[in-house]
Every structure is written in structure tokens, then in C-alpha cells.
Amino acid sequence: MLNWSKIDTVLLDMDGTLLDLHFDNHFWLEIIPKAHALRQGLTLEQARADILARYEAVTGQIEWYCLDYWQAELQLPIMELKREVEHLISLREDVPEFLQALKDAGKELVLLTNAHPDSLSLKIERTQLIGTQFDGYLDKIISTHEYGVSKESQSLWQQVQADLGFDKSRTLFVDDSLSVLAAAKEYGIGHLLAINNPDSQQPPKEITDYMAISDYRTLLPIT
């Protein structure tokens, strides 16, 4: 398990890590293909195949996470469509107790997400992630769009560390993406944690390359 006495800074992903990934999976794999089919006069099967090919072409790049890119690429009102299903945005139930314990233990908490700023704002608005319930929990919120590269890029890690000044060896990074965790490992982040159940509607993933959990409360107490 984690040795909290050797961790000062905790970098937290958002989607699938603090928030249930069901919203994002439903939006990008169901809502977008249907909207694309209607706009282009395609069958749903044709639209889904086209969309998946477009996703694959930019996987891991900042474009994959960029709402402006997809709005231009697909000629669809992405934020309007997101708001139609925003009721699906939800916080993982194990998160509040975990964040409180981290804060009580004096850890520096940073949200580090690939989410586009518009998506980030919508999710903060919907979950009150930094509102009344979580006021003061997060010391900083960073969208990688500020840097023009995603967490899969070593350049991102170099820039974020330069700005925050954290000690790599005393930093914990939590994410549900194995490719992102691999990038953090390559950069030398000392402690890594994977979330194996990012989508509440899907079975847990089998993860062997990293320490993985399905409930933050198994990590408590934090001292």
C-alpha cells in the first residue's frame, strides 16, 4: 500500500478518477455518433465507425480532448449536446472522504486534467467540485490545454513541475488511464495509483502494471 509519510503532493485526474466516467463514455460513444449520423445522413453503424476512426487518429493528443477541435471536425454543437445529458455527471461516492482525509493530512492537492476548460467548467458547476462541499480541498486546478499538450506528453510534465515545483519522488499521481500513468512513470513521478473502475456502469478492469483500487476508502487512514 501507499506510504503516506513519503508523499507531499497528490496530483489527481478528474474524469474516471474523481468523477464517474459513465458521462464521458455515454457522450462520446453514444450521443456523438447519433448526432453525427443525423447531420451527415449516415446509418448509426456508419457514423459510429467513422467517429471511432476519427478518435483513434488523435488518441493521446491534445486534440482528442479539445472540444473546439471536435466542434470544427464534426460540425456539431458539442457543449449544447453535453448540457443535454449533464445530469449524468456525477462524483464518485468514495471521493469526498478521500479528499477530506488528504487535506486533513496536510497534502498538497492538485487537479490535473486533460479536460477542455469548457468541459471542466461544466463539471465543476454540476458537481460543486470546488464549490461549497469541496471549498479549500484543491490547492490548484490545471487543464493541460493551458500548456497545449496532454498528460501523455513528457513536455506537459516538465512544464507542470516547473510551475508547481513539486518533488517528483514525493508526489502521488492518480489516474484511470494506463497510457497517462505510463507517461508519469517515464517522467519519474515517485508514486502511481490506478483506478480500475472508472465507469460505474462497466466491470472493473484488470490492472497489473500499477497499484490499482476500486474504492479510495481502502487507502484510509492517511497520516
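Things to note:
- Of the two radii for the chain, the radius of gyration is 0.97 times the Kirkwood radius, both from the alpha carbons; that is the Rg over Rh value.
- Surface accessible to a 1.4 Å probe, per residue, for the residues of the chain, Å²: 46 Å²
- Hits among aspartates and glutamates - C-alpha to C-alpha of LYS34 under 14 Å, sequence gap 8 or more where chains match: GLU45, ASP50, GLU84
- Protection-proxy order for peptides 151-162, 36-47, 170-181, each taking the mean of Cβ atoms within 10 Å per residue, highest first: 170-181, 151-162, 36-47
- Helical contribution to [θ] at 222 nm, DSSP H n ≥ 4, -39,500 (n - 2.57), averaged over the chain, rounded to 500: -11000 deg cm²/dmol
- Taking 23 Å as the straight-line reach from the Cα of LYS140, the lysines in range (excluding those fewer than 8 positions away in the same chain) are LYS6, LYS103, LYS107, LYS123, LYS151, LYS168, LYS185.
- With the simple model of a label 7 Å out from the Cα in the direction of the Cβ, MET211 to GLU73 spans 3.5 nm.
- Within the accessible surface of the chain, defined with a 1.4 Å probe on protein heavy atoms only, the carbon and sulfur portion equals 47 percent.
- Length gained on full extension, LYS140 to GLN158: 4.8 nm, using 0.36 nm per residue less the C-alpha separation.
- Note on the chain: antiparallel DSSP beta bridges, both residues inside, total approximately 5 percent of the bridges counted.
- Centre-to-centre separation between the Cα atoms of the stretch 114-129 and those of the stretch 148-181: 20 Å.
- Ranked by how many other beta carbons lie within 10 Å on average, peptides 198-204, 61-67 from highest: 61-67, 198-204
The values are calculated or read from the model by the stated rules, or taken from the named source; none is laboratory data. Note that the structure is a prediction, hence the values are computed from the model and not measured. Reconstructed Cβ throughout: ideal geometry from the backbone, glycine too, with neighbour counts over all protein chains shown. Surface accessibility is based on the protein's heavy atoms, side chains included, excluding ligands, DNA and RNA. Shrake-Rupley method; radii C 1.70, N 1.55, O 1.52, S 1.80 Å.
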